[in-house]
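Below is one structure; the comments refer to it alone.
Here, each number is a calculation from the coordinates, and none is a lab measurement. Since we're looking at a predicted model, the values are computed, not measured. Heads up, the Cβs are rebuilt from the backbone with ideal geometry, glycines too, and the neighbour counts pull from every protein chain shown.
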Amino acid sequence: MTPPAIKSGETPRKAPKAPPGVDISTSYGEPQGQGGETHQIAGNGVATLTTQQGIPVADDQNSLKQGARGPTLLEDSHFREKMFHFDHERIPERVVHARGYGAHGFFELTDSLADVTRADVFQRVGERVPAFVRFSTVAGNKGSADLARDVRGFAVKLYTNEGNWDLVGNNIPVFFIQDAIKFPDLIHAAKPEPDRDFPQAQTAHDNFWDFISLTPESMHMVMWTMSDRAIPRSLRFMEGFGVHTFRLLDAEGNSTFVKFHWKPQLKLQSVVWNEAVKINGADPDFHRRDLWESIEGGDFPAWDLGVQLFDQEFADSFDFDVLDPTKLIPEELVPVRVIGRLVLDRVVDNFFAETEQVAFCTQNVPPGIDFSNDPLLQGRNFSYLDTQIKRLGGPNFTHIPINAPRCPMAHFQQDGHMAMRNPRGRVNYEPNSWGPQMGGPREDPVRGFQSFAETNPEPKQRLRPESFADHYSQARQFYISQTPVEQKHIGDALTFELSKVERADIRLRVVSHLLNIDADLAATVADGLGADLPAPAQAAVPTRQDLQPSAALSIIGNGPQAFAGRKLGIVVTNGSDTALFDALVEEVTAAGGVYEVIAPKIGGVTLSSGEALAAKHKIDGGPSVLFDAVAVIPSVEGAQMLAGDAPTRDFVSDAFAHCKFIGLSQGGKALMSAAGLGDKLDDGCIPLESADDPAAFVAALGKLRVWDRELLVDADAK
Ligand code: HDD
C-alpha cells in the first residue's frame, strides 16, 4: 500500500541539478587542464576514487601498515597525498570582505551607451555577457555572522568580449575616507583590537569610534552605516554602487563622467537591529542561505544597472568635488538612467573554487571605461592586484577558471607558480621578427585600451584639495532624507554602538560631530548615552542648511508594494484548519512569496482534515526573525499546549516587536494573550479564521512592516 501523501512544509523547490555524488568532475565550469575531465568509470557506472595523480584507490578507509597493528608506512602515497593536501587547504582569508557569497549570472544591455562610450559591453541592446557577483561583509572574519552591522560588498565581474570588467562596489554610495593612504588605519581600527582579538565583526568598540571621531570626513558614511542600510534583509534587496566617479570614453577619446548604480528589482528592505542580533544566533548564514535558496528555487535575483552621466561643466558647477568619494550626486540633480540588468541564475558548483578564489581588481576595466583622479580609486588600483598575488599565491591567479577572461587572450607573460596557460610557440618577447603568424600578438592602437588624455599642470604634493573640505553637509542631507522611523533607527544605532565604547571622551567626540549634522540627532544620542551635550566639533566648512532631502536615500520610501520574493512563516499544530492553510499557501504563492511551516515537532502535524503536513522547522529552530511576516494558526487545543512554551511566546512577541504583519487564528490570538499582547493587537494583526481570510492578509503583506507600532513598542519598553 502506498503511504498517504504528505503536504510540503515549505514552498516546493526545483529538483537539484544532479544527484549528489555524481559527476564530480565538472565542477569548475571549464576543463581542468589537459585531460582533466576524464574519470575512470567502473562497470556499475560509478566514478572510481583516484589520487590527484589519477591512480585508482583500492582502500580509502585504512592507511598502509606493517601488519594490522603495526606502524604506518611512509610508502603509503595515497595517505600522504591526502594529508598533505588537507594540511594546505586553507589560504589566507581576504584582509577585508573575508566573508562573502557569490553566484553566477549575466548582464544584459537594455539601452545602448554607444553615443558616449566605445566599451563593447555597452554597444548592442539585448546582448548578454556572463557575470559573477560576490557579496560580502567587510569587518568580520570568514566565519562571522551574516547580519553584522556593516557595509556590504557588491563586487561584480563581467566577462566582456574585450576583457574582464570588475566593478568592485559596496551597498553604500560613499566611503569613510578620501585618500587610500588612510585605508590600513581605517581597517585596523574597525577590525578586532590587536591585543585582545575582539570584538568580532563589530564596529561597536573604542578603536573604531576613536578613529572615526578623529576623521570628520567619515561622517557622511557613518550616517549610512548607522542606518538600516547596514542590516539588509537580503542580499537581493539591497542596492550596489560603484562609488567613485569613473569616465566613459568614446572612440575619439571624449570623456563623460559616470557613476554606476545597481537597483534591486525586488526593491529595498532591511531588518531592524533587535532582529539582526537574533538572526545572527538563529541562522548565522541567513544571507547566503537566502541567496542560495532563491536561485535554486528559480526566483532569480535581478538588479537594474543605472548610470548617472555628467560632463565637466556639471562637475565644475556641482556643490562638491566629484572626485571626493565621501560625496554622492543626488539623483534629483543627475537622474539615474537604467541601461541594463544583472540576473543571478546559477549558484556556484564549489564555494572555494569560485567564491573564495575569485579575484576582483578595480583596475580591470575594458577599453571605453577609464578612471577618474579620485584618490581612493587611484590607491585601490594598486592594492587589489597586490592582495590577489598574496592571497592566491602568485601571479597566475588569472589562470583559475573563475578569474580567466572568456574572450581570447594573447600575451607573453609566462611561468611562475601554477602556470597552466603558458603561451605556445617559440617566441615569448616583443618586438620580434618572426612575422605576423609566428610572431604572436601585437598591439592594436585602435582597439586597445586608451587612457583619457588629461593635462595636469599642478605641482607634486601631499595635499587634500579645498574642495574636499565639507564633511557634514551631505551627512545632514542623508539624515533629513530619512522617514521618522529611519531617523529613530540611526539614533538608536549610534546610541547602541557608543554605549559599547569604554572611553567617555570618545563617545562625546562623536556627539560633537553629530551636532554639525543635526541638533535633534545629537541631543537624542547624548540623552541615550546619559551625557550632557558637548560643544560642536570645529568644522572646516560650516554645514549647509539648504540641501534638500533626496527621496532616493530612504529605504522605506523605496520598499516593495508586494510580497514577491519574501517569506511567510506559518505556525501550525495538530488540528490546524486544512482549508485555511491551503488558502494561505495559495495566496502567498500567487503573490510571488514563499512559505515555511513551523510546528511543535519536526515530524510535522496532522491537519483538521487528517492530512499530514511536513514541517520545515521546530519552533525553537525557526523563530519569527527568519520571516518577513508570520501566520500563527494553531488549533485552539494546540495553542493551549503551546501557551507555556517560551520559544512560542518569543515567536509571537518578537514578530510583534519587529512590526511584522501577523495573521491570527483563534488559537493564534490565544498565543498573543499568553505573550502578554492580547490587548495590544493592532491593524497589523489580521484575523485568519477561515479560508476567506488569507486574501486580505496577503494583500496587506506588501507593506512588509507596521511601522506605526514601533513607537508604541519602544514606549512600552521604557
Ligand atoms: Fe576594497 C576587497 C569594495 C576601498 C582594498 N573591497 C574589497 C571587496 C569589495 C571592496 C566589494 C571584496 C571583493 C571580493 O568580493 O572579493 N573597497 C571597496 C569599496 C571601496 C573600497 C567600494 C571604496 C569605495 N579597498 C578600498 C581601499 C583599499 C581597498 C581604499 C586600499 C587602498 N579591498 C581592498 C583589498 C581587498 C578589498 C585589500 C581585500 C580582498 C581583495 O581586495 O580582494 O585589496
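Assuming a ≥ b ≥ c are the square roots of the Cα gyration tensor eigenvalues, decide whether segment 342-456 counts as rounded (a/c under 1.5), prolate (otherwise, with a/b larger than b/c) or oblate. Oblate, because a/c is 1.5 or more while a/b does not exceed b/c.
Within the straight-line cut-off of under 17 Å between alpha carbons, the lysines reachable from Lys500 are Lys191, sequence neighbours fewer than 8 places apart in one chain being disregarded. Look at the alpha carbon pairs under 8 Å that are at least 6 residues apart: their mean separation over the length of the chain gives a relative contact order of 13 percent. Its relative contact order, with pairs defined as Cα atoms under 8 Å and 6+ residues apart, puts segment 630-692 at 41 percent.
From most to least packed by mean Cβ count within 10 Å, the peptides 654-666, 296-308 give 654-666, 296-308. Please say if segment 560-717 is rounded, prolate or oblate, where rounded means a/c under 1.5 for a ≥ b ≥ c the square roots of the C-alpha gyration tensor eigenvalues, and otherwise the choice is prolate for a/b larger than b/c and oblate otherwise? Taking the square roots of the gyration eigenvalues as a ≥ b ≥ c, segment 560-717 is oblate.
Across segment 560-717, C-alpha contacts under 8 Å between residues 6 or more apart give a mean separation that, scaled by the residue count, equals a relative contact order of 27 percent.
Estimated from the Cβ-Cβ distance and a Förster radius of 35 angstrom, the FRET efficiency linking Phe352 and Thr483 is about 0.25. Ranked for footprinting exposure by Cβ neighbours inside 10 Å, fewest first, Val272, Val427, Val541 give Val541, Val427, Val272. Under 19 Å of direct C-alpha separation, and excluding same-chain neighbours fewer than eight residues apart, Lys669 reaches these lysines: Lys660, Lys680. With a threshold of 19 Å on the Cα-Cα distance, the over-threshold entries among Lys157/Lys259; Lys267/Lys567; Lys263/Lys567; Lys259/Lys327 are Lys263/Lys567. Looking at the square roots a ≥ b ≥ c of the eigenvalues of the Cα gyration tensor of the chain, which shape do they give, rounded for a/c under 1.5, prolate if a/b is larger than b/c, or oblate? Verdict is oblate for the chain.
Each label point was placed 7 Å from the Cα along the Cα-to-Cβ direction; for Lys680 and Thr110 their separation is 4.2 nm.
Bridging of Lys616 to aspartates and glutamates at a Cα separation below 12 Å is possible for Glu10, Glu596, once same-chain residues fewer than 8 apart are set aside. Neighbour counts of C-beta atoms inside 10 Å place Ser576, Ser234 in the sequence Ser234, Ser576, starting with the fewest. Charges were assigned to the Cβ only: +1 to each Lys and Arg, -1 to each Asp and Glu. The resulting dipole of the chain about its Cα centre is roughly 1460 debye. Here the spin labels are modelled as points 7 Å beyond Cα on the Cα-Cβ line, and at Asp76 and Arg13 they lie 3.7 nm apart.
Look at the dipole of segment 560-717 built from charges on Cβ: of Ala579, Val594, Ala562, the Cα furthest out on the positive end belongs to Val594. Other residues lying with their Cβ under 15 Å from the Cβ of Arg99 contribute a combined charge of +3, Lys and Arg counting +1, Asp and Glu -1.
Helical runs assigned H by DSSP (4 residues or longer) give the chain a calculated mean residue ellipticity at 222 nm of -7500 deg cm²/dmol, each run adding -39500 (n - 2.57) before division by the residue total. Taken about its Cα centre, segment 560-717 carries a charge dipole of roughly 380 debye when the Cβ of each Lys and Arg holds +1 and the Cβ of each Asp and Glu holds -1.
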